[in-house]
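Novice: Here's a structure for you.
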Amino acid sequence: MFRNLPQTTKISFPNGKDELINFEIIIRPDEVYYRSGKFEFTFQVSPTYPHEAPKVQYKTKVYHPNVELEGNVYLNILHEDWKPVLNINTVIYGLKYLFTHPNQEDPLNHEAAAVLRDNHGLASKIRMYLCS
């Protein structure tokens, strides 16, 4: 299930490795806006997987255009673009990609998108606060 993951990713199984449907991922981006941060996600894999995308939730508070303050994440492959040929690795790489290329054009958090788009100085200060 987990092959060739980025070195910046760690997986844990809070309920033991026998329960592969609930697990946690930690991503530590090594570039751009969120460098040096530690971002945690929970994954819940449905019994109908791979026909249904896993449910992914941020555990870490993050000021990001594609994340609501409640932790909901918008990644197109978790919603309208999910296909059964995709897998957990694809989702993890997609989440990592959001840290290097936040999508300001289709945000969940419009305020964060505006700050990132219009005020790079403030965006850098926010990133430093979140990643410290």
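Novice: Of all residues in the stretch 79-101, which are exposed (fewer than 15 other Cβ atoms within 10 Å of the Cβ) and farther than 21 Å from Asn22 by Cβ?
Specialist: Listed by number, the residues that qualify are Glu80, Asp81, Lys83, Val85, Tyr97, Thr100, His101.
Novice: What are the residues in the stretch 1-57 that are under 22 Å from Asp81 (Cβ atoms), open to solvent by 30 Å² or more (accessible area, probe 1.4 Å) and modelled with pLDDT under 85, if any?
Specialist: Hits for the stretch 1-57 are Met1, Phe2, Arg3, Asn4, Leu5.
Novice: Consider only pairs whose beta carbons are under 6 Å apart and that are at least six residues apart or on different chains; among these, list those whose first residue lies in the stretch 5-29 and is touching a residue at least 60 places away in the same chain (Cβ under 8 Å) and whose second residue is of a type in the set (Val, Ile, Thr) and open to solvent by 40 Å² or more (accessible area, probe 1.4 Å).
Specialist: Taking only residues 6 or more apart or on different chains, the pairs are Ile25/Ile11.
Novice: Might you let me know whether the stretch 49-64 holds any residue that is over 23 Å from Asn103 (Cα atoms), in a strand (DSSP E or B) and free of Cβ contacts under 8 Å to residues at least 60 places away in the same chain?
Specialist: For the stretch 49-64, residues over 23 Å from Asn103 (Cα atoms), in a strand (DSSP E or B) and free of Cβ contacts under 8 Å to residues at least 60 places away in the same chain: absent.
Novice: Going residue by residue through the stretch 65-72, is there one that turns out to be touching a helix residue (DSSP H, G or I) at 6+ places or on another chain (Cβ under 9 Å), of a type in the set (S, T, N, Q), surrounded by 13 or more Cβ atoms within 10 Å (Cβ to Cβ) and at pLDDT 90 or above?
Specialist: Yes, the conditions are met somewhere in the stretch 65-72.
Novice: If you check Glu52 against the conditions, is it over 16 Å from the mean Cα position of the chain (by Cα) and of a type outside the set (S, T, N, Q)?
Specialist: For Glu52, the condition - over 16 Å from the mean Cα position of the chain (by Cα) and of a type outside the set (S, T, N, Q) - is met.
Per-residue answers, yes or no, for (1) within 30 Å of Asp118 (Cβ to Cβ); (2) in contact with a Leu (Cβ under 8 Å, 6 or more places away or on another chain):
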{"position": "Asp18", "(1), (2)": "no, no"}
{"position": "Glu31", "(1), (2)": "yes, no"}
{"position": "Gln57", "(1), (2)": "yes, no"}
{"position": "His64", "(1), (2)": "yes, yes"}
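Novice: Could you tell me whether the stretch 107-125 includes any residue that is surrounded by 15 or more Cβ atoms within 10 Å (Cβ to Cβ) and closer than 20 Å to Asn4 by Cα?
Specialist: No, the stretch 107-125 contains no residue that is surrounded by 15 or more Cβ atoms within 10 Å (Cβ to Cβ) and closer than 20 Å to Asn4 by Cα.
The values are calculated or read from the model by the stated rules, or taken from the named source; none is laboratory data. In this text, all values refer to a predicted model and were calculated from it rather than measured experimentally. Backbone-built Cβ (ideal geometry, glycine too); neighbour counts: all protein chains shown. Accessible surface is based on the protein model in full, side chains and every heavy atom, while ligands, DNA and RNA are left aside. Shrake-Rupley method; radii C 1.70, N 1.55, O 1.52, S 1.80 Å.
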